[in-house]
1. Take ALA69 and tell me if it is in a helix (DSSP H, G or I) and out of contact with any helix residue (DSSP H, G or I) (no Cβ under 7 Å at 6 or more places or on another chain).
2. Return a yes/no flag: does region 121-138 have any residue that is of a type outside the set (D, E, K, R) and farther than 25 Å from PRO59 by Cα.
3. Report whether or not ILE210 is touching a helix residue (DSSP H, G or I) at 6+ places or on another chain (Cβ under 8 Å) and buried (at least 21 other Cβ atoms within 10 Å of the Cβ).
4. Considering region 184-207 alone, what residues qualify as being open to solvent by 90 Å² or more (accessible area, probe 1.4 Å) and at pLDDT 95 or above?
5. Is region 14-23 home to any residue that is open to solvent by 10 Å² or more (accessible area, probe 1.4 Å), at pLDDT 90 or above and hydroxyl-bearing (Ser, Thr, Tyr)?
6. Keeping to region 1-58, report how many residues are farther than 30 Å from ARG147 by Cα, assigned to a loop (DSSP other than H, G, I, E, B) and out of contact with any Lys or Arg (no Cβ under 8 Å at 6 or more places or on another chain).
7. Residues GLY89, GLY118: which one is out of contact with any His (no Cβ under 7 Å at 6 or more places or on another chain) and surrounded by 14 or more Cβ atoms within 10 Å (Cβ to Cβ)?
8. Does any residue of region 213-231 turn out to be basic (Lys, Arg) and open to solvent by 20 Å² or more (accessible area, probe 1.4 Å)?
Amino acid sequence: MPIDLEKARGAKLAPSQGEWGADQVILYHLGIGAGSGAGKATEAKELEYTYEKSLKVLPSYGVIPVFGAVGGMAAAPGIQINFALVLHGEQDIEIHRPIPVQAKIESNGRIAGIYDKGKAALIVVEVETREKGGAPLFTNRFSIFARGEGGFGGESGPKAGNDAPTRKPDAVVDSPTVPHQALLYRLSGDKNPLHADPAFAKLGGFDKPILHGLCSFGIVCKAAVDAVLGGDTIETSLWREGKQILISAKCKERNAPVISNAAITLAG
């Protein structure tokens with residue numbers, strides 16, 4: 001299924017609208033593990049994620065209202081890919097101002113880049129979101145790894161950055177997950193059967209359904225905010241370097257990386 005660079009690069013996606021309120025925010029927070037663990041459910045700090053009385057919104061929530069834009073690639077000219085072989089490669093979100101507990105939004109997206117990774121194509125979907133009639137809230141850049149779609153002769157793309165220092169982390173946070181973590185997280189909008197259906201997962205080359213990459217993204221964001229799934233335990237290491245918090249995360253039991261080359265850039 002070929003990719004036509006001339007047609008695809010810069011192509012605009014159909015505009016979209018959306019809204020959310022406290023219930024959607026709380027469901028997302030529960031999906032990334034807020035309130036889990038012995039005695040944590042009613043801790044004051046955790047209730048800020050799970051109880052509307054003093055609710056705050058994690059920055060990573062900004063990926064949820066616009067996730068459908070990724071599916072919008074299917075209508076973009078020059079892109080014909082097998083979505084059963086698609087994986088989420090990288091994620092970047094720029095927060096322009098604090099995300100409110102409730103909002104009505106409008107989003108506009110485009111194909112910001114397409115890179116040839118040899119056996120795969122990396123497609124970057126950029127989506128800017130603003131409150132209706134208001135200023136921008138956040139800008140997402142979804143990097144979609146389309147296996148089997150490389151070899152079309154494009155650029156290989158920028159090299160990974162945000163390498164973790166060799167010194168000891170300034171903080172390490174363990175975030176246990178539960179076996180049904182993906183089943184809970186998918187209720188926030190990512191209904192890809194790869195994360196629930198064993199037969200579909202095998203078609204994609206996996207022994208069993210896997211946890212959403214953006215669920216790990218949210219778990220790590222929460223760990224970073226809180227610090228400066230029997231399931232797996234995600235161990236997040238954090239380094240404070242100037243205006244950045246550099247982040248590396250792994251599955252503790254399998255010593256396998258789940259998030260790398262990640263950073264949170266602080267405003268001001």
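The values are calculated or read from the model by the stated rules, or taken from the named source; none is laboratory data. Predicted model, so just to flag it, every value in this text is computed and none were measured. All Cβ positions, glycine included, derive from the backbone under ideal geometry; neighbour counts span all protein chains shown. For the accessible areas, the whole protein counts, side chains as well, though only heavy atoms, and no ligand, DNA or RNA atoms are used. Shrake-Rupley method; radii C 1.70, N 1.55, O 1.52, S 1.80 Å.
1. It is true that ALA69 is in a helix (DSSP H, G or I) and out of contact with any helix residue (DSSP H, G or I) (no Cβ under 7 Å at 6 or more places or on another chain).
2. Yes, some residue in region 121-138 is of a type outside the set (D, E, K, R) and farther than 25 Å from PRO59 by Cα.
3. For ILE210, the condition - touching a helix residue (DSSP H, G or I) at 6+ places or on another chain (Cβ under 8 Å) and buried (at least 21 other Cβ atoms within 10 Å of the Cβ) - is not met.
4. Within region 184-207, just LEU187 meets the criteria.
5. Within region 14-23, one or more residues are open to solvent by 10 Å² or more (accessible area, probe 1.4 Å), at pLDDT 90 or above and hydroxyl-bearing (Ser, Thr, Tyr).
6. Going through region 1-58 one residue at a time, the tally reaches 14.
7. Going through GLY89, GLY118 in turn, the sole match is GLY89.
8. No, region 213-231 has no match at all.
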